[in-house]
1. Using modelled backbone amide H atoms (1.01 Å from N, in-plane), which distant-in-sequence or interchain residues come within less than 5 Å of VAL79's amide H?
2. Please report, in debye to the nearest 20, how large the charge dipole of the range 56-176 is about its Cα centre when each Lys and Arg carries +1 at its beta carbon and each Asp and Glu carries -1 there.
3. Scan around ILE62 for amide H atoms under 5 Å from its own, H built in the peptide plane at 1.01 Å from N, and keep only partners 5 or more places away or cross-chain.
4. Please order ARG100, ARG88 by the number of other Cβ within 10 Å, starting at the fewest.
5. Non-local amide H neighbours of ALA164 (under 5 Å, H modeled in plane, Pro and chain starts lacking H): which ones?
6. Would you list ILE60, ILE170 from fewest to most Cβ contacts within 10 Å?
7. Each residue of the range 54-59 in turn: what ³J(HN,Hα) in whole Hz from Karplus with 6.51, -1.76, 1.60 and θ = phi - 60°, glycine and Pro shown as x?
8. Evaluate the distance, in nm, between pseudo-label points positioned 7 Å from the Cα of ALA99 and of LYS55 along their respective Cα→Cβ axes.
Amino acid sequence: MRLTLPLLLALCALAAHADDPKTWDNSDVWNRFEDKFDDSAKWQEVRQQLPAYPKPEHFIPIVLGARSSNHFYVDYPSVSVGTDGVVRYSMVVESPSGARTVNFEGIRCATGERKLYAFGHDDGHGGGTWSRNRYARWDAITVRSGNDYRNELYNHYFCALDAAASLADIQQSLKSGGHYD
């Protein structure tokens, strides 16, 4: 009986405040509060021109070690850091049998996301063309498999803390084999 009376008093107090608009108001106050700290609400992606098709003499190897039998290459001249903070680059993945996948991609270091902008089509004579990805969207970078070069680029080549490294730092990382501190 001693427990029942305090419980009833607490329920009555809660019921009295149920109609108080300051307590249960669905106003926009919390949404405006979140916007003050949400930098992504202000972020605007820059439209990027497709780079020249990658040439083997410009390939920089990205080594994943024993995690993959594939060979991974970044096309050095295609690497850029946009004013939107996105690192864009051409990537070439070559299987042990010689099959190649060529993509133009971007990594947004601030959010840990990646985007596939275009697919490459080899012409068999050292060149090729691009086809834009009509379904391009930002996806989280996760470790899906041993072939996950994007995670490697994000962690050891392109990003510094929560932002893109400078182009000079990225180029140095590519030439030196990445940062593994």
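Please treat every number below as a calculation from the coordinates, not as lab data. The model shown is predicted, which means the values in this text are computed figures rather than measured ones. Heads up, the Cβs are rebuilt from the backbone with ideal geometry, glycines too, and the neighbour counts pull from every protein chain shown.
1. SER90
2. Working: 12 positive and 13 negative charges, 60 e Å.
Using Cβ point charges on Lys, Arg, Asp and Glu, the range 56-176 gives about 280 debye.
3. PHE72, TYR73, VAL74
4. Taking fewest neighbouring Cβ atoms as first place, the list is ARG100, ARG88.
5. CYS109, ALA110
6. Listed from fewest to most nearby Cβ atoms, that is ILE60, ILE170.
7. Coupling constants for the range 54-59: x, 10, x, 5, 9, 6 Hz.
8. Between ALA99 and LYS55, the simple spin-label model gives 2.8 nm.
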